[in-house]
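This report concerns only the one structure given below.
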Amino acid sequence: MTLSGAARLLTVCLLTLLVSSSAAAQAPRVNPDAATIADFMKRVNEYVALHKKLRQTLPKLHDKATPQQMDVHERALGKLVQENRATAKPQDIFTLPMQNLTRRLLRAVFRGPGGAQLKKEVLEEYTEPVVVKVNGRYPDAVPLSTVPPQVLKGLPDLPEELQYRFVGDRLILLDPRAHIIVDYMEHVLP
């Protein structure tokens, strides 16, 4: 190979390297938190679609339904959800990456200003042990915890078919119309 041939080869190699590094620099970078939240919301929306489909199979509740009629409707929807999610298990919606992100977001809330008081408020509502099971009915005898607005502000917004609730230091996704625990994660309070 002549010197000019070697120079041309070196020039081609340098241009190839320059073009490929420029293309890599222009490739969009994905925020891992955004990707985790997008996956979480995809799973949430899949559940909501199932919830809506199942709810449409039930007779509609009247505006003046009695508490007994509402309970019957709730239990019927809960049974349909349980049957259609018979293989549901922890981490179906709260995947491990979402659990890690949620813990990080909540750690900032509970370790920030007023965090100790927030944690105290969450835990004082937890008065008795509760068995938490994916696809299980939330116990009727256990009051639903309130979730402080500061906590909700740190978490992805949910559609009306789902709610965040605390059961001790566990965070659950609750379907309030079916009274079903859709998913949960342990040890969310720092």
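The table below lists the values:
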{"quantity": "Burial ordering of I93, I37, I181, fewest other beta-carbon atoms within 10 Å first", "calculated": "I37, I93, I181"}
{"quantity": "Those trypsin sites (Lys or Arg not before Pro) in region 69-146 that DSSP places in a loop and that have at most 16 other beta carbons within 10 Å", "calculated": "K133"}
{"quantity": "C-alpha center-to-center spacing [region 67-103, region 106-157] in angstrom", "calculated": "17 Å"}
{"quantity": "Taking F110, F94 and counting other C-beta atoms within 10 Å, the order from fewest to most", "calculated": "F110, F94"}
{"quantity": "Environment charge of F94, counting only residues whose C-beta is closer than 9 Å and scoring Lys/Arg +1, Asp/Glu -1", "calculated": "-1"}
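We did not get these values from a lab; they are worked out from the coordinates using the rules stated. Note that this is a predicted model, so its numbers are computed, not measured. Using ideal geometry, Cβ is built from the backbone for each residue, glycine included, and neighbour counts are taken over all protein chains shown.
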